[in-house]
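The values are calculated or read from the model by the stated rules, or taken from the named source; none is laboratory data. Since the model is a prediction, treat every value here as computed from it, not as a measurement. Neighbour counts are summed over all protein chains in view; Cβ atoms, including those assigned to glycine, are modelled from backbone coordinates with ideal geometry. Each accessible area value is taken on the protein alone, full model and side chains, heavy atoms only, with ligands, DNA and RNA left out. Shrake-Rupley method; radii C 1.70, N 1.55, O 1.52, S 1.80 Å.
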Amino acid sequence: MNTRDSSSPALFRWQVMTVALLIVGYAGYYLCRSNFSVTLPLIVDELTAKGMSRADAQIRLGTIASIGVFAYAVGKFFSGGVADWLGGRRSFLLGTAGAICFTGLFAMGGGIPLFTLAWLLNRLLQSMGWPGAVKLASRWFSFSTYGTAMGIISLSYLFGDAAARQFMGWLLGQGVGWRGIFLAAAGVMLVIFVAMSFLLKESPREIGEAEPPANPNNLIGENADDAKPVAFKSLLRAFLRSPAFLLVCVLSLGCTLVRETFNTWTPTYFTQVVGLSKAEAASKSALFPFFGGVSVLLAGFISDKLARGGRATIILIGLSLSSLCLLALGNLDFGSSQRVPVWLVSTVAFTLIGPYSYLGGALSLDFGGKQGSATASGIIDGVGYLGGVLAGDSMARISVTYGWHGAFNALAGVELLSSVAAIGFLLNQRRIRLPAPL
């Protein structure tokens, strides 16, 4: 891990520990988030057994997913500012506590109303986690290693998600019901919460070390490293005046819709169309975050080595390739093959998730520096998850009405439009100095 910003061995050891804690901690968030996707076929079965039609059950659960994403999006707009004001550590721990409580509440539910309330509150509180992680990264790492550091931390929601899905797939294979899986997720998250409460530190200053420098080209200005927090209104004004920042928000809108669709519906697609068992579908769905994690590591490392416009170039290439994969999923006849559609889904992850990780990660740090990084991340992710709202109810309706071929073709259209925004972002980065990796 090339994140060493100082000759101090103590600082380096704490940087490694901080990264490890954030990876494990945010992986726990996904254990309490992917459980809905993994167990969705079982919950559909339960609602069907109670007299609801299968199509209606799928649409209603899709609506719950959309409500959860909307709550997550709304929470992002506020949680970024809260993390910049309250601190990354407190923000991260508050989100962890919320995930534990409301995952347990969902497991107690027996119908749509309580499911909806529990999932809404779960996603709302979880919105505090990632801005908290970004805030912590801004304190612990130099701008010259933002891409690498955030790429490694992003493994939390990729390899962590993959491991969570494998674990839950194993539980399904052992005959554990969906409620048992939710309770297991909450229990693991509780252990993580206790460990992080003792070990996670806000800043190198708490161990007697100086903080590494922020990007000098951030949008906040020369006083970005001052101890006094910058007012939210000033942060917002600086971000909204930047064409580059607005283009990144547009990119987040399209990319998050595609990513959330696969996060929510991959096990269902694998069971309904590919013909996998529920346990196999849960395990195979882990390939999406796994290959996304490989992509993030490569993209983060390469972007720190490239000249100006490097991240924008990778975003454009990735989105163009992922749109081709989505067109293949929407239009090719796979016959009885199970392997080809599974690998195409994995390829979408590899081409999409690396570029996606820049948006709420390294680019947010570039835009916001130490004082506004969490706010930048919250706004970018918040806009993105407004698009992600469509991944639940709307994609459920499209898949029921037009089949999964129609759903993938719709997503391909979204990616092609996002590629146009990526071209604009690339031209912007090559024309001006704000912001750019070292």
Handout entry: Residue that is modelled with the highest pLDDT [pool: residues in the stretch 292-315 that are in a helix (DSSP H, G or I) and of a type in the set (Lys, Arg)]
Key = 311
Practice task
Tell me, please, whether a residue that is open to solvent by 70 Å² or more (accessible area, probe 1.4 Å) and more than 19 Å from residue 423 (Cβ to Cβ) can be found in the stretch 311-319.
Solution key: no
Exercise for the section: Collect the residues in the stretch 34-43 that are open to solvent by 10 Å² or more (accessible area, probe 1.4 Å) and at pLDDT 90 or above, keeping them in residue-number order. Expected result: 42
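Quick check, is residue 19 modelled with pLDDT of 90 or more, open to solvent by 30 Å² or more (accessible area, probe 1.4 Å) and among the aliphatic types (A, V, I, L, M)?
No: the conditions fail for residue 19.
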Practice task
Would you mind stating whether residue 236 is part of a helix (DSSP H, G or I), open to solvent by 10 Å² or more (accessible area, probe 1.4 Å) and modelled with pLDDT under 85?
Solution key: yes
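Within the stretch 1-12, is there a residue that is out of contact with any Phe, Trp or Tyr (no Cβ under 6 Å at 6 or more places or on another chain), assigned to a helix (DSSP H, G or I) and of a type in the set (Asp, Glu)?
No: the stretch 1-12 contains no residue that is out of contact with any Phe, Trp or Tyr (no Cβ under 6 Å at 6 or more places or on another chain), assigned to a helix (DSSP H, G or I) and of a type in the set (Asp, Glu).
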Completion exercise
Screening 260, 280 for residues that are open to solvent by 40 Å² or more (accessible area, probe 1.4 Å), of a type in the set (Asp, Glu) and assigned to a helix (DSSP H, G or I) leaves only 280
Exercise for the section: Starting from the stretch 53-81, take each residue that is touching a residue at least 24 places away in the same chain (Cβ under 8 Å) and list its partners that are open to solvent by 10 Å² or more (accessible area, probe 1.4 Å) and of a type in the set (Lys, Arg), counting only C-beta distances under 7 angstrom and pairs at least six apart or across chains. Expected result: 59/397
Handout entry: Long-range neighbours under 7 Å by Cβ, at least six apart or interchain, first residue free of Cβ contacts under 8 Å to residues at least 60 places away in the same chain within the stretch 377-388, second open to solvent by 10 Å² or more (accessible area, probe 1.4 Å) and of a type in the set (S, T, N, Q)
Key = none
Handout entry: Filter result for the condition that a residue is open to solvent by 20 Å² or more (accessible area, probe 1.4 Å) and out of contact with any Phe, Trp or Tyr (no Cβ under 6 Å at 6 or more places or on another chain), over 94, 61, 31
Key = 94
Handout entry: Top-ranked residue in the stretch 338-397 [being surrounded by fewer than 24 Cβ atoms within 10 Å (Cβ to Cβ) and of a type in the set (D, E, K, R); ranked as nearest to the chain's Cα centre (by Cα)]
Key = 393
Exercise for the section: Answer with yes or no whether residue 99 is in contact with a helix residue (DSSP H, G or I) (Cβ under 9 Å, 6 or more places away or on another chain), within 20 Å of residue 161 (Cα to Cα), at pLDDT below 90 and crowded, with 23+ Cβ neighbours inside 10 Å. Expected result: no
Completion exercise
Checked pairs for the stretch 8-33, first closer than 11 Å to residue 160 by Cα, second open to solvent by 40 Å² or more (accessible area, probe 1.4 Å), C-beta under 7 Å and 6 or more apart or across chains, list as 27/163; 28/188; 31/188
Exercise for the section: Please verify whether the stretch 194-214 includes one or more residues that are touching a helix residue (DSSP H, G or I) at 6+ places or on another chain (Cβ under 6 Å) and of a type in the set (Ser, Thr, Tyr). Expected result: yes
Completion exercise
Note: among 318, 335, 369, just one is in a helix (DSSP H, G or I), of a type in the set (Gly, Ala, Ser) and on the phi > 0 side of the Ramachandran plot, namely 369
Problem - Residue among 328, 299 that alone is farther than 19 Å from residue 260 by Cβ, crowded, with 16+ Cβ neighbours inside 10 Å, without any contact (Cβ under 8 Å) to a residue 40 or more places away in the chain and not charged (D, E, K, R) - result: 328
Problem - the stretch 132-171: number of residues that are closer than 17 Å to residue 367 by Cβ, open to solvent by 10 Å² or more (accessible area, probe 1.4 Å) and modelled with pLDDT of 85 or more - result: 1
Problem - Qualifying positions in the stretch 317-334 - hydroxyl-bearing (Ser, Thr, Tyr) and over 8 Å from residue 412 (Cβ atoms) - result: 320, 322
Handout entry: Long-range neighbours under 7 Å by Cβ, at least six apart or interchain, first residue within 12 Å of residue 290 (Cβ to Cβ) within the stretch 139-163, second among the polar types (S, T, N, Q) and surrounded by 24 or more Cβ atoms within 10 Å (Cβ to Cβ)
Key = 161/34
Practice task
Assess whether residue 89 counts as being of a type outside the set (Ser, Thr, Tyr), open to solvent by 30 Å² or more (accessible area, probe 1.4 Å), free of Cβ contacts under 8 Å to residues at least 12 places away in the same chain and in contact with a helix residue (DSSP H, G or I) (Cβ under 9 Å, 6 or more places away or on another chain).
Solution key: no
